[in-house]
Amino acid sequence: MAGASGPEGRAAFPSPPVDSAGPPVEHPQAGTIRALGLVSLFVPVLGPVAWVQARRALAEIDAEPGRYLNRSAVATGRTLGVVGTVLLVLAVAWMAVAVVFVLISIADGTFDTG
């Protein structure tokens with residue numbers, strides 16, 4: 001009995017499993033992470049934020065390799081976030097050196113307030 005069908009004319013054989021995940025999509029935070037990384041070059045305080053968010057998003061992307069398309073956008077945001085963080089550290093170090101020089105010149109009496 002080839003082509004046997006069950007009740008109501010449906011095939012008696014179970015249908016193959018359907019991939020419920022669907023086609024790959026873009027990670028929902030990729031654009032935000034890339035924008036934060038880019039802005040962190042001008043506002044370095046955002047560098048660590050971009051870096052941390054990118055690390056989390058990359059972990060999600062790597063956990064489900066076929067689910068997301070735009071790993072490179074998140075990686076770009078991470079790299080820009082690292083550069084922004086380095087700029088932040090350099091700015092803080094420069095400010096600390098400037099404060100030390102001002103304090104030394106005040107203590108020596110060489111600081112002229114006008």
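The values are calculated or read from the model by the stated rules, or taken from the named source; none is laboratory data. All values reported here derive from a predicted model rather than from experimental measurement. All Cβ positions, glycine included, derive from the backbone under ideal geometry; neighbour counts span all protein chains shown. For the accessible areas, the whole protein counts, side chains as well, though only heavy atoms, and no ligand, DNA or RNA atoms are used. Shrake-Rupley method; radii C 1.70, N 1.55, O 1.52, S 1.80 Å.
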Under a point spin-label approximation (7 Å from Cα along Cα-to-Cβ), what is the residue 52-residue 26 distance to one decimal in nm?
2.5
5 Å is the cut-off here: which amide hydrogens, built 1.01 Å from N in the peptide plane, fall below it relative to residue 68, excluding neighbours closer than 5 in sequence?
25
Taking the simple approach of a point 7 Å from Cα along Cα-to-Cβ for both residue 60 and residue 45, what is their distance in nm?
2.6
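Dividing the convex hull volume of the alpha carbon atoms of the range 61-114 by its residue count, what do you get in Å³ per residue?
That works out to 85 Å³ per residue.
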What is the sum of charges, Lys and Arg at +1 and Asp and Glu at -1, for the other residues whose Cβ falls under 15 Å from the Cβ of residue 57?
+2
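At a 1.4 Å probe radius, which order do 60, 26 fall into by accessible area, largest first?
On the way: 60 90, 26 125 Å².
In descending accessible area the options line up as 26, 60.
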Using 0.36 nm times the number of residues separating residue 89 and residue 110, minus their current alpha carbon distance, what extension gain do you get?
4.7 nm
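Subtract the Cα-Cα distance of residue 96 and residue 69 from 0.36 nm times their separation in residues, and report this length gain in nm to one decimal. Intermediate results must be reported in sequence, preceding the final value.
Values: separation 27, 0.36 × 27 = 9.72 nm, distance 4.29 nm.
Here the segment from residue 96 to residue 69 would lengthen by 5.4 nm.
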